[in-house]
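Notes follow the structure.
The values are calculated or read from the model by the stated rules, or taken from the named source; none is laboratory data. Nothing here was measured: the structure is a model prediction, and the numbers come from that model. All Cβ positions, glycine included, derive from the backbone under ideal geometry; neighbour counts span all protein chains shown.
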Amino acid sequence: MKLSVKVKAFAVAGIIAVSSAQPAHAVDLAGSGASFAVPIIEACKAGFAKKTGHSYVYTSTGSGTGKNNSDNKIGDFWFSDSAHTGAKKRSTIFHAPIIAAPIAVLVNLPANKEIYLSPTTVAKIFSGDITRWNDPAIRADNNRSIPTVIYRTTSTGNVVLDKNGDPKVLRKATKRVRYTLPNQPIKVIFRADKSGTSSNFTSWLNGVAPTVWTKPKNDAFTTAFPGNLNAPGNIGRMVGANGSQGVATLSARSKYSITYAEKQWGTSFGLRAAHIGNASGNYTLPDSAATSAFLGEAKQNEQGIVTYDYATKVPGAYTLGIISYMLLETSYENKEKGKAIVELAEYILSPECTLPAADTGFIVVEGTFLAKAKKLIARANK
């Protein structure tokens with residue numbers, strides 16, 4: 001299947017020129033919001049300070065708090081992994097798509113073997129329909145022949161395209177997997193705070209398994225949950241924690257658990273990222289190439305808000321990829337701070353920002369996403 005023009009454009013690197021002139025006054029900025037944005041925001045900090053003389057601190061509060069802070073003008077800049085469309089949203093706030101990354105489904109199993117999960121199986125685990133690791137559906141996912149596709153990638157982790165605009169395949173394989181799953185209860189760990197991660201995760205669950213996950217997405221997992229979290233069978237088995245680090249920490253302490261967070265937290269805490277099935281029948285890991293292949297099928301509106309295609313048939317697509325937005329102001333009361341915020345947005349998107357390792361899955365937007373981000377950033381601080 002050929003990819004759309006958006007896919008072709010997504011894999012083409014863009015460049016934003018950032019002024020090298022030092023400011024008359026160094027500006028200290030304070031940001032908050034999505035935990036997903038942290039690796040790239042932190043990676044850019046030293047270079048941004050060296051280039052501009054400005055500094056910033058960023059507090060990982062979750063997208064919900066980030067959006068609330070933007071509404072109440074707490075701090076100077078904000079990130080959110082979900083669109084800010086609530087009733088309290090100020091009309092002067094708009095979205096600039098900046099960062100792309102995958103949500104990993106992370107498991108803590110003693111054998112620490114590779115695990116494969118279909119989207120429906122994931123939905124049934126998180127909805128409470130599947131409660132034990134040796135459930136027939138999980139056994140079926142992990143005792144079968146599984147097709148996989150690996151794409152060629154650039155040094156920044158984006159997919160390399162051939163002359164027809166199709167991803168260049170590094171290799172295809174059919175892997176026979178055999179995994180005897182333990183006869184143990186599954187401990188489900190979810191985000192207790194409002195977060196863009198939960199909004200995107202529950203959107204995906206509802207999109208890929210609507211008959212299982214029957215409620216629409218929400219920043220609050222507890223609100224999107226299709227059953228009763230206080231049912232006797234769920235108490236003590238389904239547990240919430242705040243922040244991506246919080247769920248990863250709790251999962252690392254809890255044998256036979258499963259959670260969702262950035263891949264880097266799995267690496268840090270010794271959790272295994274699951275291979276997730278897609279509509280083409282392939283299973284992919286949450287890496288930058290698979291995320292790039294998925295997001296290339298996404299669409300954007302004029303406000304920069306992204307709509308995902310969970311049913312894409314791109315073989316190597318990891319369908320839990322997301323975009324993190326920078327929430328910008330059309331006008332800032334402090335013009336000097338506004339100018340520094342625009343410079344920060346431009347710097348994050350520029351080649352000068354040293355990105356985290358490609359295997360973390362994090363990339364900055366490129367191609368049509370980058371073009372849209374540049375147009376939106378140009379609207380800020382007028």
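Kindly provide the set of residues from region 62-84 that are free of Cβ contacts under 8 Å to residues at least 60 places away in the same chain and not basic (Lys, Arg), ordered by number.
Going residue by residue through region 62-84, those that are free of Cβ contacts under 8 Å to residues at least 60 places away in the same chain are 68-69, 71-75.
Residues satisfying the conditions are Asn68, Asn69, Asp71, Asn72, Ile74, Gly75.
Just to be sure, is Lys73 surrounded by fewer than 22 Cβ atoms within 10 Å (Cβ to Cβ), assigned to a loop (DSSP other than H, G, I, E, B) and either of a type outside the set (Asp, Glu) or on the phi > 0 side of the Ramachandran plot (or both)? Criteria met by Lys73. When you scan region 19-28, do you find a residue that is outside the structural domain of Thr154 (by TED's automatic domain parsing), modelled with pLDDT of 80 or more and not in a loop (DSSP other than H, G, I, E, B), even just one? Yes - at least one qualifying residue is present in region 19-28. Ile323 satisfies every condition listed in (1) part of a strand (DSSP E or B); (2) modelled with pLDDT of 95 or more except (2).
Among Lys313, Lys372, which is the only one that is of a type in the set (Lys, Arg) and surrounded by fewer than 20 Cβ atoms within 10 Å (Cβ to Cβ)? Please lay out each step first, then the result.
On the way: Lys372 fails: surrounded by fewer than 20 Cβ atoms within 10 Å (Cβ to Cβ).
Result of the check over Lys313, Lys372: Lys313.
Of the residues Ala231, Ala248, only one is at pLDDT below 95 and of a type in the set (A, V, I, L, M); which?
Numbers: Ala248 fails: at pLDDT below 95.
Every option except Ala231 fails the conditions.
If you go through region 91-135 and keep only what is part of a strand (DSSP E or B) and aliphatic (A, V, I, L, M), you end up with Ile93, Ala96, Ile98, Ile99, Ala100, Ala101, Ile103, Ala104, Val105, Leu106, Val107, Leu117.
Consider Tyr318 carefully, then state whether it is more than 22 Å from Tyr179 (Cβ to Cβ), within 18 Å of the chain's Cα centre (by Cα) and part of a loop (DSSP other than H, G, I, E, B). Judged against the criteria, Tyr318 is not a match.
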